[in-house]
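As structure tokens, the structure follows; a few thoughts come after it.
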Amino acid sequence: AKDAGGGEYFEYEPSLHAMAEEKRQLEFSLRGALEKQELLLHYQPVVDAYSETIVSFEALVRWNSREHGFISPGKFIPLAEDTRLIVPIGTWIMQEACREAAANWPEDVKVNINVSPEQLLEPDFVTVVVRALSHSGLDPKRLEIEVTESIFVRDADIARKALEQCMALGCSIALDDFGTGYSSLGYLRKLSFSTIKVDRSFVQGAAQNSRESLAIIRAVVAMAESLEMTTTAEGVENEEEAEMIRKLGCDKIQGFHFGRPMPPADVIKIFTRKAAD
Ligand code: C2E
Ligand code: CA
Ligand code: CA
Ligand code: CA
């Protein structure tokens, strides 16, 4: 706020009322978004850090609202979680991403799908996964479910059991945004993640030569190795960052440097170009 001379503050903050009203309207629109087919998935490549071949694509949901225009997932996912709309939306994402990967991608390319705690704790979550796999015909080995540390905050046992059932199907589990949440390492013993995703904040820190970030990435890589898990560095934006991440020993890289999230048709173009080489 700026002091406007007379000691009074002139500031035009949206009032609490206006914010609540905006949220109510967004929620109303979000309720109709699936039906109106306003949601779509984009896919971002994850590459092997050394060979730079594509090993997977992460599905990232997009909302193009008729009323509000483009709304970022950073805004509507928390709203969908608060209102539990993430449950039907998440089911659609699971079906759609499995279908796309099975129908249009090479068999050695996986699909990573984000799952919110509210979705994971639904009693029929595993059934949703089983159905998505059987309807699409996707080999369960090609599905990696991404969860954050937040799933271990409440009902940790229910979350763990659901994930173990997915693993029994043949799916793998990635621990997303590692290091940003409640960094209690205890649960790393309780569930065998196949991948730990190192949050972009550490990648950025390391690129700026932050000793702390470098030390943390080194520690995570060493820990993952001894637990027989792999690491993915998130948010790698340029070659310098990629080089540093390779030196630190991360296995996989994701970020704008290797590809932005893109519509499904662009993913197919990458594969057809590769096949023509
Ligand atoms: P996330 O799972 O950590 O996804 C990675 C985010 O980082 C994506 O943002 C992606 O576009 C962005 N990103 C990737 N590479 C770079 C880079 O090099 N630089 C920068 N600055 N950013 C990069 P996006 O798509 O906006 O998604 C934000 C978050 O919304 C996701 O974070 C995830 O928590 C949530 N989300 C997105 N799609 C889904 C979904 O299908 N289901 C659920 N439950 N959550 C989702
Ligand atoms: Ca993710
Ligand atoms: Ca992440
Ligand atoms: Ca993140």
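The values are calculated or read from the model by the stated rules, or taken from the named source; none is laboratory data. For clarity, every value in this text was computed on a predicted model and none was experimentally measured. We work out accessible area using only protein heavy atoms, side chains counted, and drop any ligands, DNA or RNA first. Shrake-Rupley method; radii C 1.70, N 1.55, O 1.52, S 1.80 Å.
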Span-like helices, the chain: DSSP H, alpha-carbon axial extent 18 Å or more, mean Kyte-Doolittle -1.0 or greater, which ones?
-> 16-33, 86-104, 156-169, 211-226, 264-276
So GLN25 and LEU227, fully extended at 0.36 nm per residue minus their Cα-Cα distance, gain in nm 68.1 nm
What shape does segment 132-277 take by its C-alpha gyration tensor, where a ≥ b ≥ c are the square roots of the eigenvalues and a/c under 1.5 counts as rounded, a/b above b/c as prolate, and the rest as oblate?
-> oblate
note: the chain, Cα-Cα separations exceeding 30 Å make up a percent value of 36 percent
Multiply the residue separation of SER15 and ALA276 by 0.36 nm, subtract the distance between their alpha-carbon atoms, and state the gained length in nm to one decimal.
-> 88.3 nm
Averaged per residue, what accessible area in Å² does segment 15-63 show with a 1.4 Å probe, protein chains only?
-> 53 Å²
Springs between alpha-carbon atoms under 10 Å, Gaussian network over the chain: tell me which of LEU121, LEU40, LEU16 tops the mean-square fluctuations.
-> LEU16
Nearby lysines by direct alpha-carbon distance to LYS252 (threshold 26 angstrom, same-chain neighbours under 8 apart not counted) = LYS110, LYS141, LYS190, LYS197, LYS269, LYS274
What residues qualify as long-range amide H neighbours of ASN114, i.e. H under 5 Å apart, gap of 5 or more or another chain, H built at 1.01 Å from N?
-> ALA59, GLU146
Between VAL55 and residues 5 or more places away or on another chain, the pairs with built amide H atoms under 5 Å apart involve VAL46, VAL47, ASP48
Accessible surface of segment 217-275, 1.4 Å probe, proportion on carbon and sulfur as whole % = 56 percent
Scoring segment 215-269 by relative contact order with C-alpha pairs under 8 Å, at least six apart, yields a percentage of 35 percent
Enter the Cα centre distance for the pair segment 54-68 and segment 72-96, rounded to the nearest angstrom.
-> 11 Å
